[in-house]
1. Which whole-percent values make up P(r) of the range 100-192 when all C-alpha to C-alpha distances are grouped in 10 Å steps starting at zero?
2. So if each residue of separation counts as 0.36 nm, and I subtract the Cα-Cα distance between Thr141 and Ser127, what length gain in nm does that give?
3. If I stretch the segment between Ala94 and Glu169 completely, what's the gain in nm (0.36 nm per residue apart, minus their alpha carbon distance), one decimal?
Amino acid sequence: MRRACLVIAALVVGSSLATGVARAGPEGPADFGTMEPKGLAASAWPWPDGANAFMEQVQGVQKCLPQAIPWSFEESPFGPQSGVRIVFDSLVPAEPGSLGSGQVTFWCQARTGLHYRITVQGLPPLSTFEVTATEVGSDVTHSLATVRTDPNGNGVSAGVLQLPKGGYEFLVTVGSELVPDPADPVIGFSVL
């Protein structure tokens, strides 16, 4: 009986390790689906359908969360058309000619702090990188996460950085490998 338990335990541990090693990282930014899934009442969204194409193309908005999050409208300093949007900004190689890319996906409004998801692609495989966020106009830097890459050089990390109420602008970097895209370097968001 004891031997059978040891064999079962070894199989469970072995399969757990194999599963952890076999998991691939993301090959691009997180996909949060369509801006407005079909079948929902038009009044559940903070702007008309025609605004979605503009928001998706120009501002990197991936998803608009509905008015089911009432505080996003009641407390927003940006007016009744604000609402919570899931946005992503690109990360590019720190050194010209280097490989790799990444994305910072975040909520434009939250009550607790910065809701983020960092995805990277094409970095050195099986490596670890610290993700930091520096407040624009100050020397305050927050440690957001650690990203571990898979055998393909892809990785992901997500979480919430607790912050007091206010408006924030951050520059996000992944180790010395990835920096904000100069075309849109700052992630801006509000904690309500």
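Any read-out appearing in this document is the output of simple, stated calculations on the displayed coordinates, not a laboratory observation. Predicted model, so just to flag it, every value in this text is computed and none were measured.
1. Percent of pairs per bin, in order: 17, 51, 27, 5.
2. On the way: separation 14, 0.36 × 14 = 5.04 nm, distance 2.23 nm.
Here the answer is 2.8 nm.
3. Details: separation 75, 0.36 × 75 = 27.00 nm, distance 1.99 nm.
Stretched fully, the Ala94-Glu169 segment lengthens by 25.0 nm.
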